[in-house]
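Everything below concerns the one structure shown next.
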Amino acid sequence: MKEPVFPQHLTACYREMEKICLPETAVFADKDALEAWDGGKPLVQYAPPLIDVDKFTEVAGRVFELLLRYLPVMEADLRLLLASLPESPEDRNALVEGLLKQNGSAAVLLAKDGRQVPPDVFGFGFSHVLRLFLTAYARRLEGKVNLSVWDRGECPVCGSNPNFARIDTGGRRYLHCGLCGTDWRFARVACPFCSVTAPETLSFYEFENGLYRIYVCTCCKGYIKTVIESESAPGPDLFWEDIKTVALDITAMRLGFINKTFGMPPTAE
């Protein structure tokens with residue numbers, strides 16, 4: 001059976017999204033709050049990004065237009081999403097705040113002529129917009145916070161579950177967040193999703209002569225794809241590694257494991 005690959009049209013779509021550049025003024029981080037961070041909770045909760053909501057709305061429109069171009073099968077829902085973008089500053093602020101808190105309130109704002117944007121389309125569309133802004137936020141934090149104090153499986157910046165991992169040439173494991181692009185060190189023998197450390201519940205499968213592994217947990221049924229770095233090919237781009245290894249996701253799910261990437265924990269009020 002021919003293994004599935006990531007659709008070429010979506011790869012092209014993501015390459016177009018990568019060209020969207022945010023100005024420095026699009027995202028700020030509170031310097032004083034960052035300096036006081038002690039690793040108790042994700043930074044997006046401790047020092048929420050200050051986002052230019054007008055720029056956010058503009059970029060959302062550009063992203064949704066790209067999705068329309070490359071995903072005509074979703075045209076009706078994407079056009080509703082695009083038409084529902086809020087116009088007033090108050091509604092734009094409420095939308096961005098709700099999206100950052102992931103508490104479900106944001107979706108209620110986007111009703112057009114009595115029609116509600118389907119939740120899956122809402123989540124799909126805005127996840128791409130959030131990725132651009134949270135990646136910019138994470139870059140603002142570089143050199144300003146010490147991520148080594150973080151020892152949990154969820155992302156120290158945005159609180160999302162990791163979608164990929166890498167093991168460096170020294171044998172250290174780093175988890176990768178697909179939403180904000182942050183990498184952080186994590187224990188080799190531990191599940192990033194349920195924190196179990198019992199060796200009998202943890203194992204891995206190897207692929208492509210050991211270049212890739214799927215680490216699995218029989219306790220929570222989670223899995224995480226992993227690339228093994230080498231001296232000849234250090235520092236792979238994990239965003240694109242995730243895209244080009246979609247066949248490993250299918251393999252893991254066929255083996256009975258669950259993709260736990262999605263579902264960012266809600267932020268504390």
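The simple Förster model, with R0 at 45 Å and r as the Cβ-Cβ distance, assigns residue 75 and residue 142 a FRET efficiency of 0.70. The count of lysine pairs in the range 8-141 with alpha-carbon distances below 26 Å, taking only pairs 8 or more places apart or on different chains, stands at 8.
Multiplying the residue separation of residue 201 and residue 58 by 0.36 nm and subtracting their alpha-carbon distance yields 46.8 nm.
Taking the range 145-232, which chymotrypsin sites (Phe, Trp or Tyr not before Pro) meet the DSSP loop condition and have no more than 10 other C-beta atoms within 10 Å? Before the final figure, lay out the partial values.
Details: sites: 150, 164, 174, 184, 186, 193, 204, 205, 207, 212, 215, 223; in loops: 150, 193.
For chymotrypsin sites (Phe, Trp or Tyr not before Pro) across the range 145-232 that sit outside H, G, I, E and B with at most 10 neighbouring Cβ atoms in 10 Å, the list is empty.
Loop-located trypsin sites (Lys or Arg not before Pro) in the range 136-190 (DSSP state other than H, G, I, E, B) with a sparse environment of at most 13 neighbouring Cβ atoms within 10 Å: 144, 172, 188. Rounded to the nearest 20 debye, the dipole size of the range 149-254 about its Cα centre is 260 debye, using +1 on the Cβ of Lys and Arg and -1 on the Cβ of Asp and Glu.
Size descriptors for the chain, from the alpha-carbon set: Rg then Dmax equal 19.1, 58 Å.
Dipole magnitude of the range 8-141 about its Cα centre, charges +1 at Lys/Arg Cβ and -1 at Asp/Glu Cβ only, in debye to the nearest 20? Each step should come with its number before you reach the end.
Numbers: 15 positive and 19 negative charges, 76 e Å.
Around 360 debye, computed over the range 8-141.
Normalised by 2.2 N^0.38 Å, with N the number of residues, the alpha-carbon radius of gyration of the range 128-188 equals 1.08. For the range 137-269, the equivalent ellipsoid derived from the alpha-carbon gyration tensor has semi-axes of 22, 18, 14 Å in decreasing order. The charge dipole of the chain, taken about its Cα centre with unit charges on the Cβ of Lys, Arg, Asp and Glu (plus for the first two, minus for the last two), comes to roughly 540 debye. When its C-alpha radius of gyration is set against 2.2 N^0.38 Å (N residues), the range 34-185 gives a value of 1.15. Calculated on the Cα set of the range 170-220, radius of gyration then Dmax: 11.9, 32 Å.
All of the numbers you see were taken from the coordinates with simple rules; none came from a lab. Please read these numbers as outputs of a predicted model, since none were measured by experiment. Cβ sites come from the backbone with ideal geometry, for glycine too, and all protein chains shown count toward neighbours.
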